[in-house]
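The values are calculated or read from the model by the stated rules, or taken from the named source; none is laboratory data. Not measured: the values here are computed from a predicted model. Please note: Cβ atoms are built from the backbone with ideal geometry, for glycine as well, and neighbour counts cover all protein chains shown.
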Amino acid sequence: MAHRTLNKRKPWYKLLWQNILKYPQLYLMALPVLLWYIVFQYGPMYGLIIAFQRYVPSKPILKNQFVGMKNFMDFLADPYFIRVLRNTLVINFYLLIFAFPAAIIFALLLNELRGARLKKLTQTVTYMPHFISAMVICGLAVDFFKADGMLTSILVSALGVEKTNLLSIKDYFRPIYVAMQIWQETGWDSIIFVAALSGIDPTLYEAAVMDGAGRFKRVWHITLPSIMPTIIILLILRIGNMMTLGWEKIVLLYNQMTYETADVISTYVYRRGLIQFDYSFSAAVGFFNSIVNFLLLITANTLSRKVNETSLW
Amino acid sequence: MTKLTTRLFCVLMALMLCLSCTALAAEKQTELPLSTKGEKLVIYCDFNASQSSVYSDLSEHPVIKQMMEETGLTIEFMHPPVNDDGTFFNTTIASGEWPDLFYTDRFHTTYPGGVEGAMDDGILVNVNELVPQYAPNFLQMVEEYDEGTGYIKNGIYGDNGAIVKLGSMFLAPYVNARVHYGPVVRADLLEKYGLEAPVTLDEYTNVLRTFKENGVEVPLALCNIFSQSGFYNSNFLSSAFGVTWNDFQLVDGKVVYSMMQPGYKEMVAFLNGWANEGLIDRDSVNRSLDDCLTVFQNGKAGMTVYHNSNTTTALKVGQTIDPNYEIVGLLFPRKAAEDQLTLARIVYSLNNWSWQISQSCENPELAVKFIDYLHDDDTRLLTAWGPGSEEFPTFVEDENGMRTFTDFMYENPKYDFTTARQLYTLNTFQVQYDDMMERQQYYLPQQLANWESWVTRNSDADKIPSLVTMNVDESREYSDIMSKVNNYVEEQVYAFIFGQASMDDYDAFVKQIENLGIARACEIKQAAYDRYIARSAK
């Protein structure tokens, strides 16, 4: 009670100042990070103005013609708006329900491995694909999925799909993309879970063994609840990126025959921007995406706080 | 047989040499040095990956060093990063700190309103008054190449009469005005199955069908129609129906959009037939021209479209796999054998690259002089063949003046030939390809025959020249419409060809293109074209 009355009397900047005087080293250490955010993250935000302009690169930013919400309306009224929005959300949703749990399951499996060397080896091998560039991965994929490609042949004999170029069939694009993403990123994404797993108190397991819990029960009752906060936080962050999907890989994999299921917001903007150097349009779309992402993030966070008390803030 | 061809070929070579000798124009000379005061020029130009791995910038390049010595100038450089997507150029323009000279295609391709737009914006200098006095070599070259056709002059001068292409790229006479991309077929396969080289569409169908029936894996290796410019600009197949793949064209002198033409529907229906029969390669949508070449040269494909310079490699690779491997160039397909096609891509001199002088340049006269110096015969040879000095023995010259690269280039211990060419010769500063060098690149009888076939009854009469320019507002409106149209049509055309959309919906497709505003885009293109045609009349 006494503290509260104290807080009311003194304004926040005075409190801050007192705090700085009290812990100068801590603030000094935080300063570079703070500066980094101001200079490189918040500073460039004034550039968002070009989303409301008809921006020509040869003129200084402030001297460009102001067009209000035109770029936003252009995007929302675009005949392909619904399609690219749907594809972005659907592909992200697939990644959320297939790729996200894959990393957790993989981390759990790793955790159950006995030999330390085998564990290290498995980890290293599974990280590898993450470091291969998108160009290479997609180049391989395009070759492997050709009518006489390696993966096509395997799928033809295993699942009896038609022997043709699989990347030219729109129904196959999303499964192929998601599978590639899982293959490339599962190992890398599992790192953070592996780290969380190593923080679990071993005495819990010992106690569980004493109580006669099997392996599966131990995972279910001890391991999973212990890493749940990590899972939730990553899930919230993931949901905060639902509108974002990198264009690099998709541009390398899709073609005119699969636009229907493969064209996402970023690739569409890339195609439009490439033709007409329309920076304002891309800035407007980026701005729009950020707002939606931000709203999703807040919603997910609030829900999570209400349901299970874990949240970002 | 081979002896005969060799002999024939020698005779042909000799004939052409004589012809070229008679065609040789007056020599171009520049008085050197250009300056005795050691003035400085800052040049904006590309710097490729192999150069940047050895030099810190082009001023360390032996050709540039020799240029500085000859001209008495100090040359400094401003290089965009390798594979710049235009960001560096745009920020350079925005910064207001410009080099004295630009060598780039960006003013022509992306700057709103083109070079004349940049002159109006106070970025570039109008050199019209300086050129007659300081650039005689350049003017002489323009006259030589134009020959009164207006084709070159229409490109050199912009819509408002300013010189927009000072020091653009001129092709060597040997490769000028040729069709460089065209269809080729395996001659040995034709012989094996008792087929004639096809000319009409029906004959093409028959050949491909026979290939397929006899187990040729890919009867026709076809690349992605809309992404490979070498392919779509040649209008292989589509020109048989009197349309382009995806462009504007002329019909009776009027600008129209090809997909709105009845011929386009006919073509799509025809290709749908091929697709149903399996004559079109299913991988085509994922293929690049390089891919096509690979399957063609390793013997999997029977027919493809490629650039004539690929003939050498294709034969070399093909014959190591199958000693009978032989290539023959085909006539572009057409409905009736005697039909005249009008949508070929004939490559003439002048591309989108050229030298521009910026408003920051303190001595524009000197800059013009320097550009003109690049047109000098000796400079041209220097850029094409390298210094040929003791330190850099890039070439040897025989008693007839024929040059060939030495082992310093071919067998350099440190660099392969392609890299060596980047390091010791300098095509960035080359304003004309060298005839002698081109002759050494295209000498096989198959290559000469390809050129012959591809141009047979094939012209570019109905093609819109690539150098038409739109003004700032026009180009905005035009690209607004066309980005939507292109997005829509590419996908639909593929759907029609491969049967995912029914041909019954074709009329709705045309209607939709109309709704996207194609009529307005045609109007804009027509206006730009009219201005272009009127240029030489000025």
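Would you be able to say whether some residue in the range B:510-528 is under 30 Å from A:L167 (Cβ atoms) and either free of Cβ contacts under 8 Å to residues at least 12 places away in the same chain or in contact with a strand residue (DSSP E or B) (Cβ under 9 Å, 6 or more places away or on another chain) (or both)? Yes, some residue in the range B:510-528 is under 30 Å from A:L167 (Cβ atoms) and either free of Cβ contacts under 8 Å to residues at least 12 places away in the same chain or in contact with a strand residue (DSSP E or B) (Cβ under 9 Å, 6 or more places away or on another chain) (or both). Scanning the range B:69-107 for residues that are hydrophobic (A, V, I, L, M, F, W, C), surrounded by fewer than 16 Cβ atoms within 10 Å (Cβ to Cβ) and either away from chain A (no Cβ under 14 Å) or in contact (Cβ under 8 Å) with a residue 40 or more places away in the chain (or both) yields a total of 1. One residue alone among A:I176, A:I191 is crowded, with 18+ Cβ neighbours inside 10 Å and not charged (D, E, K, R), and that residue is A:I176. The criterion of at least 1 residues that are under 30 Å from B:L423 (Cβ atoms) and modelled with pLDDT of 55 or more is met by the following helices (runs of 4 or more DSSP H) wholly inside the range B:1-72: B:49-52, B:62-71. Which condition number in (1) within 18 Å of A:A262 (Cβ to Cβ); (2) within 13 Å of chain B (Cβ to nearest Cβ) is the one that A:D148 fails? It is condition (1) that A:D148 fails.
Among the residues of the range A:39-76, those that are within 11 Å of another protein chain (Cβ to nearest Cβ) and assigned to a loop (DSSP other than H, G, I, E, B) comprise A:Y55, A:V56, A:P57, A:S58, A:K59, A:P60, A:N64. Restricting the range A:187-204 to residues that are modelled with pLDDT of 90 or more and hydroxyl-bearing (S, T, Y) leaves a set whose member that is farthest from A:H130 (Cα to Cα) is A:T203. Number of residues in the range B:307-325 that are touching an Asp or Glu at 6+ places or on another chain (Cβ under 8 Å) and surrounded by fewer than 17 Cβ atoms within 10 Å (Cβ to Cβ) equals 2. Inspection of the range A:101-121 finds a residue satisfying the criterion of being assigned to a loop (DSSP other than H, G, I, E, B) and either among the charged types (D, E, K, R) or within 14 Å of chain B (Cβ to nearest Cβ) (or both). Taking first residues from the range A:132-151 that are closer than 18 Å to A:I182 by Cβ and partners that are among the acidic types (D, E), the Cβ contacts under 7 Å between residues at least 6 apart in sequence or on separate chains come to A:A134/A:E248.
In the condition set (1) touching a residue at least 12 places away in the same chain (Cβ under 8 Å); (2) part of a helix (DSSP H, G or I), A:W220 is compliant with all but (1).
Residues that are touching a Phe, Trp or Tyr at 6+ places or on another chain (Cβ under 7 Å) and surrounded by fewer than 18 Cβ atoms within 10 Å (Cβ to Cβ) were ranked within the range B:504-521; the one that is nearest to the other protein chains (Cβ to nearest Cβ) is B:Q512.
Taking first residues from the range B:482-503 that are at the interface with chain A (Cβ under 8 Å from one of its Cβ atoms) and on the phi < 0 side of the Ramachandran plot and partners that are aromatic (F, W, Y) and part of a loop (DSSP other than H, G, I, E, B), the Cβ contacts under 7 Å between residues at least 6 apart in sequence or on separate chains come to B:N487/A:Y80; B:E490/B:F226.
Only one residue in B:E474, B:E438, B:E491 is acidic (D, E) and over 29 Å from B:T110 (Cβ atoms), so which one is that? Break it down into steps so the answer makes sense when it comes.
Values: B:E474 fails: over 29 Å from B:T110 (Cβ atoms); B:E491 fails: over 29 Å from B:T110 (Cβ atoms).
Answer to the selection: B:E438.
Residues in the range B:176-232 that are in contact with a Lys or Arg (Cβ under 9 Å, 6 or more places away or on another chain) and in a loop (DSSP other than H, G, I, E, B): B:H180, B:V199, B:N214, B:V216, B:E217, B:L222, B:C223, B:N224, B:Q228.
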